[in-house]
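Below is one structure, written out as structure tokens; comments come after it.
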Amino acid sequence: MKLLDKGVGMLKDVKTYWTKPPEGKYMTFREIFAYSVGGLGAYSIFTMAQALLLSTTNVIIGNTIGIQPMHMYVMYLISVITNIPLTMVRANMVDNVRYKEGKYRPYLLRMGIPTVVISLLFVFTPYKQIGYIWCCVLIFIYNFGLQFFYNFFYDAYENLIHVLSPDSQERTNATAIKSMIYSFSPTVTNFVTPLIADKVANGNMYDLRVYQWLYPFIAVIGVAFIVLVYTRTEEKIVIAKTHPMKIRFFDALREVAKNKYFWIISLAGWLGFLETCTYVILQWLYNYAHLCTPEQYSLITLIRGTAYTWGMVLAPFAIKRWGKKKVLIVTNLFNIFFLALVYPLMGSIWTVLMCMYFNSVADSFILVLNPTIQADIRDYQHYKSGERIDGMFGAVAMIGSFVTMATSSVLPAVYEKYGIFSGNGYENMYDILYDTDILYKLVGVLVILSAVGAALNLVPYFFYDLTETKQKGIIRILQIRAMFEDYGNGVLKDADMTSAMELIRSSKEKLMRGKPDIAALKKNKASRQDLKKAREESEEYEIAEAVVTELERFELEHEKARLEWAKCICEKGIEGIASLDDGSLKRARALPAHTKEQRLTRAEAIADAGLEKRSKKAMLKYYPNGIVPYDEEKERAFCETEKELAEKKSALLKHGGDKSEIRKISAAQKENAREIKAMMLEHERFTRSTKVYHEAKKYVDQAANYARFGELDDMYSVLVNKAPDTV
């Protein structure tokens, strides 16, 4: 009966909060539905594109088209290198190009549709008729396109959850729902693929005709569902309304490089590169050892696909109960165990399925964990740097590309050692796996390598300490900072002030009540309900402590020291940048670092001295005869001219206007574009040269805004004491 009541209650909640979020939350049920169901489309396209990306284990490029493993490896290396500048372009676009739809939503269609088109071209190219060299050339060209469009599309959908809500648990719940729904896409695809292969290619899953039948359906479904995400979601970022959403590429790169949590998660991925070695085992046991029929293999893929549902269902509850770190560690331990268990049981495809099933259950938790951890890391980045940086994480992760280039040579070398190479005496080099002695030896090696990879992957997670409580505190601090910044700029709305001031007052009240003694409650054998309540109060106390500490931040010694530096820079003005002392960095490094406060003071002094040095260098390079202020009015004038010329040309083209007049406008547009480009370059130089001044001024202004808290408190008191009809 209780279960039925809960079900009815959930249905009522869906109806009530379909177009408005529940109290204290940010996402409506319509948004969660659109984002989650849209995942069917996104992951349909992901499944298609991922199968075509160059890698050392790609079965379509290797088994189907017949590209040799070492040639694939060389092509893969070139592909990784060419992807580096593309990643930088994507990162800069996400962090600095502004569309009214937000940071990620605009790219769902702009990048999704080209991904589909390239994927279809890939599988419909007649490779047997064009020769081996041209096969390699075309595959590389297609991959160059996919590296940009697919990776951009993938980031846009996966990272969209980071900005749909600042609430970590809400993001976790939405990700879990999305994961449960989108998992139907690869599960169904894996189920129907061997059935299609049986009908059109005599059961050969490596025949290109299989994908020529399958991919057009995927393409149509994918685009249709992506439109749903694009039209029914809204991005939300906790940031001041007047905060400039633009950050230089290298500044963003420098900030992200200081994010310790980013490196922990990245290192885990790099160390676990061997973990995916077993992905091909079930397919090989079916295709080469003939351990089951096509119908049975379809059932096997379907069964294994359902394993991922468990993690999607259980992850939100596990994370809420034990936290992300503990869930990461425990699921990875199970991962290692079930991977290792494959080795003694690989004589039967059904026993292997059992091991791989439970391995997939453990592995499925990461499908929910990874997006929510990545979102938390970006919240932390926003808190530490004061800037909302998203795209640059992908650019810094390029370092991982070089690690991957080195580690990706391992698998081709293993394959070659066991006879998979051109000229091994078989028409298709992989046909050697029909020799079951070789097949089982190679499978055994892959199992061992995979278990080792999983163990290496586990190690960095022990150093991850960004708890759920810390993340909640960070979001509240960002809300307070946004309030002060908007107040200083004269754009603070009553609703935003009310929300932030209520948060501050409730935090002070919680601190006055004190932190519950959970150890004493356990000792006195308190009830589970009392312990649960005490843990919740303890968490709220820690969050309140972070909020009040933020309010009093400029009373701390290291903040006072930095404020003095900032005031000194502001007093010298922009003109004084060229005469900044070159010895500041040396003095900063010589500061004591015995206590926590001293270490913070020293670290900030070193960072600020480095900023002084970079700004001075740019100033002397670009303005040796003195600074020339940037003319923003002139830039706006050129932009207005660009708009006017475009409108005139459009009107003439629409009504069949004079061609000579159209040519004149086109020439004027080109000249205006050159002027805008020159202005942009000048703006970039001015920004680099004066960055130390603007950073110092921003810090001084922030301190001044915090000092006006009393004014805000009085305004809030007046607001809440108004009659209800006037509030």
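In the set 157, 132, which member is of a type in the set (Ser, Thr, Tyr) and buried (at least 22 other Cβ atoms within 10 Å of the Cβ)? Working first, answer last.
Working: 132 fails: buried (at least 22 other Cβ atoms within 10 Å of the Cβ).
Just one listed residue meets the conditions, 157.
Inspect all residues belonging to the stretch 141-148 and state whether any of them is at pLDDT 85 or above, closer than 18 Å to residue 229 by Cβ, of a type in the set (Phe, Trp, Tyr) and assigned to a helix (DSSP H, G or I).
No; the residues of the stretch 141-148 include none that is at pLDDT 85 or above, closer than 18 Å to residue 229 by Cβ, of a type in the set (Phe, Trp, Tyr) and assigned to a helix (DSSP H, G or I).
Yes/no per residue for (1) buried (at least 20 other Cβ atoms within 10 Å of the Cβ); (2) closer than 30 Å to residue 235 by Cβ; (3) modelled with pLDDT of 85 or more; (4) not β-branched (Val, Ile, Thr):
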residue	(1), (2), (3), (4)
6	no, no, no, yes
9	no, yes, no, yes
21	no, yes, no, yes
65	yes, no, no, no
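Of the residues 233, 193, 187, which is more than 30 Å from residue 88 (Cα to Cα), in contact with a helix residue (DSSP H, G or I) (Cβ under 6 Å, 6 or more places away or on another chain) and either at pLDDT below 80 or not assigned by TED's automatic domain parsing to the domain that holds residue 680 (or both)?
187
For the stretch 177-190, state whether one or more residues are crowded, with 24+ Cβ neighbours inside 10 Å, out of contact with any Cys (no Cβ under 8 Å at 6 or more places or on another chain), within 29 Å of residue 209 (Cα to Cα) and hydrophobic (A, V, I, L, M, F, W, C).
no
Considering only the stretch 620-638, I want to know if a residue exists there that is small (Gly, Ala, Ser), assigned by TED's automatic domain parsing to the domain that holds residue 684 and over 24 Å from residue 698 (Cα atoms).
Yes, because at least one residue in the stretch 620-638 is small (Gly, Ala, Ser), assigned by TED's automatic domain parsing to the domain that holds residue 684 and over 24 Å from residue 698 (Cα atoms).
Could you tell me which numbered condition residue 631 fails, if it satisfies all but one of (1) under 27 Å from residue 678 (Cβ atoms); (2) more than 37 Å from the chain's Cα centre (by Cα)?
(2)
May I ask you to say which residue of 593, 605 is within 22 Å of residue 699 (Cα to Cα) and not β-branched (Val, Ile, Thr)?
Checking each option against the conditions leaves just 605.
Quick one: would you say residue 544 is of a type outside the set (Ser, Thr, Tyr) and over 25 Å from residue 470 (Cβ atoms)? Quick ask: steps written out before the conclusion?
Working: of a type outside the set (Ser, Thr, Tyr): yes; over 25 Å from residue 470 (Cβ atoms): no.
Considered against the rule, which asks whether it is of a type outside the set (Ser, Thr, Tyr) and over 25 Å from residue 470 (Cβ atoms), residue 544 comes out as no.
Give me a count of the residues in the stretch 316-339 that are touching a Ser or Thr at 6+ places or on another chain (Cβ under 9 Å) and either modelled with pLDDT of 85 or more or of a type in the set (D, E, K, R) (or both).
9
Does the stretch 306-351 hold any residues that are in contact with a Leu (Cβ under 6 Å, 6 or more places away or on another chain) and among the β-branched types (Val, Ile, Thr), and which are they?
Answer for the stretch 306-351, where residues must be in contact with a Leu (Cβ under 6 Å, 6 or more places away or on another chain) and among the β-branched types (Val, Ile, Thr): 349, 351.
Looking only at the stretch 416-425, count every residue that is assigned to a loop (DSSP other than H, G, I, E, B), farther than 14 Å from residue 62 by Cα and not polar (S, T, N, Q) and tell me the total.
So in the stretch 416-425, the residues assigned to a loop (DSSP other than H, G, I, E, B) come out as 418-425.
With farther than 14 Å from residue 62 by Cα added as a condition, the list becomes 418-419, 423-425.
Filter once more, keeping what is not polar (S, T, N, Q): 418-419, 423, 425.
Adding up the residues that qualify gives 4.
For residue 258, all conditions in the list (1) modelled with pLDDT under 75; (2) within 24 Å of residue 466 (Cα to Cα); (3) of a type outside the set (S, T, N, Q) hold save one; what is the number of the exception?
That leaves (1) as the condition not met.
Pairs only if they're at least six apart or on different chains, beta carbon under 6 angstrom, first in the stretch 283-294 and within 13 Å of residue 432 (Cα to Cα), second part of a loop (DSSP other than H, G, I, E, B) and of a type in the set (Asp, Glu); list them, first residue then second.
none
Looking only at residues in the stretch 475-522 that are among the aliphatic types (A, V, I, L, M), assigned to a helix (DSSP H, G or I) and at pLDDT below 85, which one is nearest to residue 539 (Cα to Cα)?
518
Checking residue 115 against (1) at pLDDT below 85; (2) under 21 Å from residue 51 (Cα atoms): exactly one of these is not met. Which one?
Unmet for residue 115, out of (1) at pLDDT below 85; (2) under 21 Å from residue 51 (Cα atoms): (1).
Quick one: count up the residues across the stretch 205-227 that are in contact (Cβ under 8 Å) with a residue 60 or more places away in the chain and either more than 29 Å from the chain's Cα centre (by Cα) or surrounded by fewer than 17 Cβ atoms within 10 Å (Cβ to Cβ) (or both).
10
Scan the stretch 160-176 residue by residue and report those that are of a type outside the set (S, T, N, Q) and either surrounded by 21 or more Cβ atoms within 10 Å (Cβ to Cβ) or assigned to a helix (DSSP H, G or I) (or both).
Here is the first cut: in the stretch 160-176, the residues of a type outside the set (S, T, N, Q) are 160-164, 166-167, 170-171, 174, 176.
Selection gives 160, 161, 162, 163, 164, 166, 170, 171, 174, 176.
For residue 705, only one of the following conditions fails: (1) under 18 Å from residue 626 (Cα atoms); (2) surrounded by 16 or more Cβ atoms within 10 Å (Cβ to Cβ). What is its number?
(1)
Condition check ((1) of a type outside the set (Lys, Arg); (2) within 34 Å of the chain's Cα centre (by Cα); (3) closer than 17 Å to residue 472 by Cβ; (4) surrounded by 13 or more Cβ atoms within 10 Å (Cβ to Cβ)) across all residues:
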position: 497; (1), (2), (3), (4): yes, yes, no, yes
position: 510; (1), (2), (3), (4): no, no, yes, yes
position: 521; (1), (2), (3), (4): yes, no, no, yes
position: 529; (1), (2), (3), (4): yes, no, no, no
position: 538; (1), (2), (3), (4): yes, yes, yes, yes
position: 542; (1), (2), (3), (4): yes, yes, yes, yes
position: 552; (1), (2), (3), (4): yes, yes, no, no
position: 555; (1), (2), (3), (4): yes, no, no, no
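For the stretch 40-50, check the following and say yes or no: at least one residue is under 16 Å from residue 212 (Cα atoms) and part of a loop (DSSP other than H, G, I, E, B). Before the answer, list the steps.
First, the residues of the stretch 40-50 that are under 16 Å from residue 212 (Cα atoms): 44-45, 47-50.
Still in the list and also part of a loop (DSSP other than H, G, I, E, B): none.
No, every residue in the stretch 40-50 fails to be under 16 Å from residue 212 (Cα atoms) and part of a loop (DSSP other than H, G, I, E, B).
Test of understanding: among 338, 317, 334, which residue is free of Cβ contacts under 8 Å to residues at least 12 places away in the same chain, in a helix (DSSP H, G or I), of a type in the set (A, V, I, L, M, F, W, C) and out of contact with any His (no Cβ under 9 Å at 6 or more places or on another chain)?
From the options 338, 317, 334, the qualifying one is 317.
Which one of these is in contact (Cβ under 8 Å) with a residue 40 or more places away in the chain and charged (D, E, K, R): 671, 682, 661?
Selected residue: 682, the only one of 671, 682, 661 that is in contact (Cβ under 8 Å) with a residue 40 or more places away in the chain and charged (D, E, K, R).
I need the full set of residues from the stretch 556-589 which are in a helix (DSSP H, G or I) and among the acidic types (Asp, Glu), in order please.
Those that are in a helix (DSSP H, G or I) and among the acidic types (Asp, Glu): 557, 559, 564, 571, 575.
Consider only pairs whose beta carbons are under 7 Å apart and that are at least six residues apart or on different chains; among these, list those whose first residue lies in the stretch 484-512 and is acidic (Asp, Glu) and whose second residue is not in a helix (DSSP H, G or I).
From the stretch 484-512, the pairs are 485/240; 485/242; 485/243; 486/240; 486/241; 486/242; 486/492.
I'm told residue 54 meets every condition in (1) more than 24 Å from residue 127 (Cα to Cα); (2) buried (at least 21 other Cβ atoms within 10 Å of the Cβ); (3) not basic (Lys, Arg) except one. Can you identify the failing condition by its number?
(1)
Run down 309, 278, 293 and say which single residue is modelled with pLDDT of 85 or more and under 30 Å from residue 199 (Cβ atoms).
Values: 309 fails: modelled with pLDDT of 85 or more; 278 fails: modelled with pLDDT of 85 or more.
Answer to the selection: 293.
The values are calculated or read from the model by the stated rules, or taken from the named source; none is laboratory data. Quick caveat, the model's predicted, so the values are computed rather than measured. Because the Cβ atoms are built from the backbone with ideal geometry, glycine has one as well, and the counts that use them run over all protein chains shown.
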